[in-house]
Amino acid sequence: MYCQNCGAEINENSTICPYCGLATKSSDILQEKDMKIQALEQKIVELELAVQQVSRTRNRKSGITQFQPWIFIFPILFVVVFFVLFIILVSL
Ligand SMILES: [Zn+2]
């Protein structure tokens, strides 16, 4: 490719013209790509935070559903224990 400033033939991959020192178009493209990558990385970080928040609220909800059986099991156990004690007392 040729330098936009001085017209010298330069390497396709070079980011700066070796003759006039001006940044070539490929460097602009690279910078644009870097900017886009940075923007995407920021979005990924934001999405990760959102996913973490959702998983936290899900964990809270599942924690409640995991706790619920105990709310039913404890009174039933209590009643069963009292019933057994009552039978023992009556049989005596
Ligand atoms: Zn040049």
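The values are calculated or read from the model by the stated rules, or taken from the named source; none is laboratory data. Keep in mind that this is a model prediction, so the values were computed, not measured. Cβ sites come from the backbone with ideal geometry, for glycine too, and all protein chains shown count toward neighbours. All accessible areas refer to the heavy atoms of the entire protein, side chains included, with ligands and DNA or RNA removed. Shrake-Rupley method; radii C 1.70, N 1.55, O 1.52, S 1.80 Å.
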*asked:* Let's test the formula: R0 of 25 Å, r as the Cβ-Cβ distance of LYS36 and ASN5. What FRET efficiency results, to the nearest 0.05?
replied: 0.50
*Given a 1.4 Å probe and every protein chain left where it sits, what share in percent of the accessible area of the chain is carbon and sulfur?*
66 percent
*Mean separation of Cα contacts under 8 Å, 6 or more apart, over the residue count of the chain: relative contact order %*: 12 percent
*May I ask you to compute the full-extension gain from VAL51 to ILE76, defined as 0.36 nm times their residue separation minus their alpha-carbon distance, rounded to one decimal in nm?*
5.1 nm
*asked:* For the chain, what does the helix formula give at 222 nm: sum of -39500 (n - 2.57) over DSSP H segments with n ≥ 4, over the residue count, nearest 500 deg cm²/dmol?
replied: -27500 deg cm²/dmol
*Tilt of helix 25-91 relative to the longest C-alpha principal axis of the chain, in degrees (0 to 90, nearest 10)?*
0 degrees
*asked:* Per residue, how much accessible surface does the chain expose to a 1.4 Å probe? Answer in Å², no decimals.
replied: 92 Å²
